[in-house]
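One structure is given here, and the rest of the page talks about it.
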Amino acid sequence: MIFRQLFEKESSTYTYILADEGTLEGVIIDPVRETLTRDLQLIEELGIRLLYTLETHVHADHVTAAASIRQKTGAQVVLGAETKVPTADLLLKDDDVLHFGGHTLRAIHTPGHTDGCTCYQIEDRVFTGDTLLIRGCGRTDFQSGSAPLLFASIRSKLFALPDSTLVFPGHDYTGKTCSSIAEEKKFNPRVKLTNTVEQFVEIMANLKLSPPAKIAEAVPANMKSGIS
Ligand code: FE
């Protein structure tokens, strides 16, 4: 499988490109407006025929490039059903699958950071968006966030995946690129197996984070897949 992890430095966002080596059918996960040209160039250089742009959720910290990519490549815009994004081509429910070449991608509905958060599992990898970060998780204080729900999503759905599953998050702020389910069960200070839901809720209630700089622009724009 062709696999690339790309980084947008202003919002510390990871974008992923995956494609079948034989058919060159592929997908892009969480593309960012600022890095549209770079990503389209790579897709073209690799000869990838993009079928889907997958969004892990309606982002609050950056504007998506999904609609622009659809315009340039014809790739369908895909989100979790609970996002209710009207400009999406496909809204996936929990356990729905999509195919590209010989590969299957499965949607895992993981509400908690936002109500529409969806992770995508492709074979031995899971793309977790902001649901599960490396040694962290997304915040739960806006966009229908819920700490108990996030805890349940991570524990019952993500931690149910094989321990060897590689975790590719939506962001990292410290330079880490990849983890595994086993690693996060053991070392994630918020959701490790020795923590209770009560401990998690308390940790999340005491984060005292300032709102994302772009939230007022990003959320309405992303509800339209970035169409300006
Ligand atoms: Fe987010």
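Go through the stretch 112-126 and give me each residue that's free of Cβ contacts under 8 Å to residues at least 60 places away in the same chain and in contact with a Gly (Cβ under 6 Å, 6 or more places away or on another chain).
Passing the criteria: His113, Gly116.
Do you know which of the residues in the stretch 173-228 that are of a type in the set (Lys, Arg) and under 25 Å from Glu8 (Cβ atoms) is modelled with the lowest pLDDT?
Lys214
Taking the criterion of being within 23 Å of Glu8 (Cβ to Cβ), away from the ligand (no atom under 15 Å from the Cβ), touching a Lys or Arg at 6+ places or on another chain (Cβ under 7 Å) and not hydrophobic (A, V, I, L, M, F, W, C), would at least one residue in the stretch 102-118 satisfy it?
Checked the stretch 102-118: no residue is within 23 Å of Glu8 (Cβ to Cβ), away from the ligand (no atom under 15 Å from the Cβ), touching a Lys or Arg at 6+ places or on another chain (Cβ under 7 Å) and not hydrophobic (A, V, I, L, M, F, W, C).
Going through the stretch 134-152 one residue at a time, which ones are touching a strand residue (DSSP E or B) at 6+ places or on another chain (Cβ under 9 Å) and surrounded by fewer than 24 Cβ atoms within 10 Å (Cβ to Cβ)?
Ile134, Arg135, Gly136
Answer yes or no as to whether Val201 is touching a helix residue (DSSP H, G or I) at 6+ places or on another chain (Cβ under 8 Å) and surrounded by fewer than 20 Cβ atoms within 10 Å (Cβ to Cβ). Please lay out each step first, then the result.
Numbers: touching a helix residue (DSSP H, G or I) at 6+ places or on another chain (Cβ under 8 Å): yes; surrounded by fewer than 20 Cβ atoms within 10 Å (Cβ to Cβ): yes.
Criteria met by Val201.
Anything in the stretch 1-47 that is of a type in the set (Asp, Glu), within 21 Å of Gly138 (Cα to Cα) and crowded, with 16+ Cβ neighbours inside 10 Å? List them, or say none. Step through it out loud before you land on a result.
Taking the stretch 1-47 as the starting set, the residues that turn out to be of a type in the set (Asp, Glu) are 8, 10, 20-21, 25, 30, 34, 39, 44-45.
Narrowing the set further to residues that are within 21 Å of Gly138 (Cα to Cα) leaves 8, 10, 30.
Glu8, Asp30 - these are the residues of the stretch 1-47 that are of a type in the set (Asp, Glu), within 21 Å of Gly138 (Cα to Cα) and crowded, with 16+ Cβ neighbours inside 10 Å.
Any residue at all in the stretch 59-77 that's away from the ligand (no atom under 16 Å from the Cβ), within 16 Å of the chain's Cα centre (by Cα), surrounded by 23 or more Cβ atoms within 10 Å (Cβ to Cβ) and within 22 Å of Phe168 (Cα to Cα)? If you could, list the steps in order and put the result at the bottom.
Initially, the stretch 59-77 is screened for residues away from the ligand (no atom under 16 Å from the Cβ), giving 67-77.
Next, only the ones that are within 16 Å of the chain's Cα centre (by Cα) stay: 77.
From what is left, the residues that are surrounded by 23 or more Cβ atoms within 10 Å (Cβ to Cβ) are none.
No; the residues of the stretch 59-77 include none that is away from the ligand (no atom under 16 Å from the Cβ), within 16 Å of the chain's Cα centre (by Cα), surrounded by 23 or more Cβ atoms within 10 Å (Cβ to Cβ) and within 22 Å of Phe168 (Cα to Cα).
Just to be sure I understand the filter: pairs with C-beta atoms under 9 Å, separated by 6 or more residues or on different chains, first member in the stretch 127-149 and over 26 Å from Leu6 (Cβ atoms) and more than 10 Å from the ligand (Cβ to nearest atom), second member among the acidic types (Asp, Glu) and not in a loop (DSSP other than H, G, I, E, B). Which pairs pass?
Partner pairs satisfying both residue conditions: Ser144/Glu82; Ala147/Glu202.
Is it the case that Leu51 is crowded, with 19+ Cβ neighbours inside 10 Å, under 25 Å from Thr23 (Cα atoms) and either in contact (Cβ under 8 Å) with a residue 24 or more places away in the chain or more than 14 Å from the chain's Cα centre (by Cα) (or both)?
Details: crowded, with 19+ Cβ neighbours inside 10 Å: yes; under 25 Å from Thr23 (Cα atoms): yes; either in contact (Cβ under 8 Å) with a residue 24 or more places away in the chain or more than 14 Å from the chain's Cα centre (by Cα) (or both): yes.
Against the criterion (crowded, with 19+ Cβ neighbours inside 10 Å, under 25 Å from Thr23 (Cα atoms) and either in contact (Cβ under 8 Å) with a residue 24 or more places away in the chain or more than 14 Å from the chain's Cα centre (by Cα) (or both)), Leu51 qualifies.
Of all residues being of a type in the set (Ser, Thr, Tyr) and part of a helix (DSSP H, G or I) in the stretch 137-160, which is farthest from the chain's Cα centre (by Cα)? Just the residue, please. Walk me through how you get there before you give the answer.
The initial filter retains those residues of the stretch 137-160 that are of a type in the set (Ser, Thr, Tyr), namely 140, 144, 146, 153, 156.
Among the residues that remain, those that are also part of a helix (DSSP H, G or I) are: 153, 156.
Numbers: Ser153: 14, Ser156: 18 Å.
So the residue we want is Ser156.
Within the stretch 83-96, work out how many residues are closer than 21 Å to Leu158 by Cβ and surrounded by 20 or more Cβ atoms within 10 Å (Cβ to Cβ).
Qualifying residue count, the stretch 83-96: 2.
The values are calculated or read from the model by the stated rules, or taken from the named source; none is laboratory data. The structure presented is a predicted model; accordingly, all values stated were derived computationally and were not measured. Here Cβ is always computed from backbone atoms with ideal geometry, including for glycine, and neighbour counts include all displayed protein chains.
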